[in-house]
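These notes are about the structure you will find just below.
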Amino acid sequence: MSFDLLSVLNVLTLIGAMCSAFVAVQANRMLDSIVGIAAAGSFIAVAFLFLQAPDVAIAEAAVGAVLGTVLYIIALRKIIGKEEHKK
């Protein structure tokens, strides 16, 4: 069984996505989890590019890696801000 370069890159991308998802689940701090989710979304977008689905890759990069991350960080800042005001 021979692997060409695209197959190797596809496997490495999927391994990166799984490792990023594992980091997101196992992280102790919420910000580390958010970064892990963003990295997993980025890896998945690259995997869609390798699968020749550029429209899906653009949507995944925009929503999964950028918009979701921004919304999580805004929500985290609002939660931290409310907790600081309670003290």
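Pull up region 1-34, narrow it to residues that are of a type in the set (A, V, I, L, M, F, W, C) and in contact (Cβ under 8 Å) with a residue 24 or more places away in the chain, then point me to the one that is farthest from Ala65 (Cα to Cα).
Leu6
Quick test of your reading of the structure: Gln26 fulfils all but one of (1) loosely packed, with under 15 Cβ neighbours inside 10 Å; (2) at pLDDT below 95. Name the failing condition by number.
Gln26 satisfies all of (1) loosely packed, with under 15 Cβ neighbours inside 10 Å; (2) at pLDDT below 95 except (2).
Hey, among Val46, Val66, Val35, which residue is of a type in the set (A, V, I, L, M), surrounded by 13 or more Cβ atoms within 10 Å (Cβ to Cβ) and in contact with a helix residue (DSSP H, G or I) (Cβ under 7 Å, 6 or more places away or on another chain)? It would help to see each step written out before you state the result.
Working: Val66 fails: in contact with a helix residue (DSSP H, G or I) (Cβ under 7 Å, 6 or more places away or on another chain); Val35 fails: in contact with a helix residue (DSSP H, G or I) (Cβ under 7 Å, 6 or more places away or on another chain).
Step by step, each of Val46, Val66, Val35 is checked, and only Val46 is of a type in the set (A, V, I, L, M), surrounded by 13 or more Cβ atoms within 10 Å (Cβ to Cβ) and in contact with a helix residue (DSSP H, G or I) (Cβ under 7 Å, 6 or more places away or on another chain).
Any residue at all in region 51-66 that is in contact with a Leu (Cβ under 8 Å, 6 or more places away or on another chain) and modelled with pLDDT of 90 or more? Let's see the steps before the verdict.
Of all residues in region 51-66, those in contact with a Leu (Cβ under 8 Å, 6 or more places away or on another chain) come to 57.
Checking the rest, the ones that are also modelled with pLDDT of 90 or more come to 57.
For region 51-66, residues in contact with a Leu (Cβ under 8 Å, 6 or more places away or on another chain) and modelled with pLDDT of 90 or more: present.
Exactly one condition in (1) crowded, with 18+ Cβ neighbours inside 10 Å; (2) within 23 Å of Ile79 (Cα to Cα) is false for Ala17; which is it?
Single failed check for Ala17: (2).
The values are calculated or read from the model by the stated rules, or taken from the named source; none is laboratory data. What you see is a predicted model, and the numbers here were worked out from it, not measured in a lab. Using ideal geometry, Cβ is built from the backbone for each residue, glycine included, and neighbour counts are taken over all protein chains shown.
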